1. Take Glu67 and decide whether it is closer than 17 Å to Ile51 by Cβ, among the acidic types (Asp, Glu) and either in contact with a His (Cβ under 6 Å, 6 or more places away or on another chain) or in contact (Cβ under 8 Å) with a residue 60 or more places away in the chain (or both).
2. Tally time: how many residues in segment 101-160 are outside any helix (DSSP H, G or I) and farther than 15 Å from Thr53 by Cα?
3. Would you pick out the residues in segment 135-160 that are in contact (Cβ under 8 Å) with a residue 24 or more places away in the chain and β-branched (Val, Ile, Thr)?
4. Collect the residues in segment 55-85 that are surrounded by 16 or more Cβ atoms within 10 Å (Cβ to Cβ), assigned to a helix (DSSP H, G or I) and among the small types (Gly, Ala, Ser), keeping them in residue-number order.
5. Phe134 is checked against (1) at pLDDT 95 or above; (2) out of contact with any strand residue (DSSP E or B) (no Cβ under 8 Å at 6 or more places or on another chain); (3) crowded, with 18+ Cβ neighbours inside 10 Å and fails just one. What number does that condition carry?
6. Would you confirm whether or not segment 86-95 contains a residue that is surrounded by fewer than 21 Cβ atoms within 10 Å (Cβ to Cβ), among the hydroxyl-bearing types (Ser, Thr, Tyr) and farther than 17 Å from Phe153 by Cα?
7. Taking segment 96-115, which residues are more than 16 Å from Val69 (Cβ to Cβ), at pLDDT 95 or above and either surrounded by 18 or more Cβ atoms within 10 Å (Cβ to Cβ) or charged (D, E, K, R) (or both)?
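The values are calculated or read from the model by the stated rules, or taken from the named source; none is laboratory data. Computed from a prediction, not measured in an experiment: that's the story for all the values here. So basically every Cβ, Gly included, is an ideal-geometry build from the backbone, and we count neighbours across all protein chains shown.
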Amino acid sequence: MYCRVVFSVFLFGLRRLPLACVFAAARFKLMADMSRMVGGAMSLSSCCYTIVTNNPGVAARWAHASEWVDGGARGVLLRVRGLVHLGHRLLTHPLAGSVKPNEGPYRSVIVSQHPDTTIDFDSLRIIEGALAVFDRLGPLRYHTIPPHVDADFQLIDCTLMESAIESLHA
């Protein structure tokens, strides 16, 4: 329960958490999820969402519900904006987490699986704001990332998606 509350607060950006707290909570959450896994995958239905991601860990874990974006975090946000223009709704905030957009290479956003007949202006405002923040923060701060750091960035993004999906199914 503690992890769910921490990640709910973390997910919706109500409060920034220290990175050490995020890693500790992510490690605890990952161990709890691994103990509940049966046959290597959690039994979650993807009947209502699509995960737009550039994280190979997220794409592999939720292959049935993922849309792969070949590019950086900004490319994911651009693809999500395109989906919002087509009538999809945001189900998670595009800037969830404590990793700034120009510091982390991976980004995953959950959108509704099926478009509505009209554009959701709240989703459009949020994704446009996220793109503005991304552009305002300047150029990417990473050029080459050591493998162990890359794995940490993937884990953070994957853990955020786990928490979001749990919230969607609650």
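1. Judged against the criteria, Glu67 is not a match.
2. The qualifying residues number 19.
3. Ile145, Ile156, Thr159
4. Gly57, Ala59, Ala65, Ala73
5. Evaluating Phe134 over (1) at pLDDT 95 or above; (2) out of contact with any strand residue (DSSP E or B) (no Cβ under 8 Å at 6 or more places or on another chain); (3) crowded, with 18+ Cβ neighbours inside 10 Å leaves (1) as the failure.
6. no
7. Ser112
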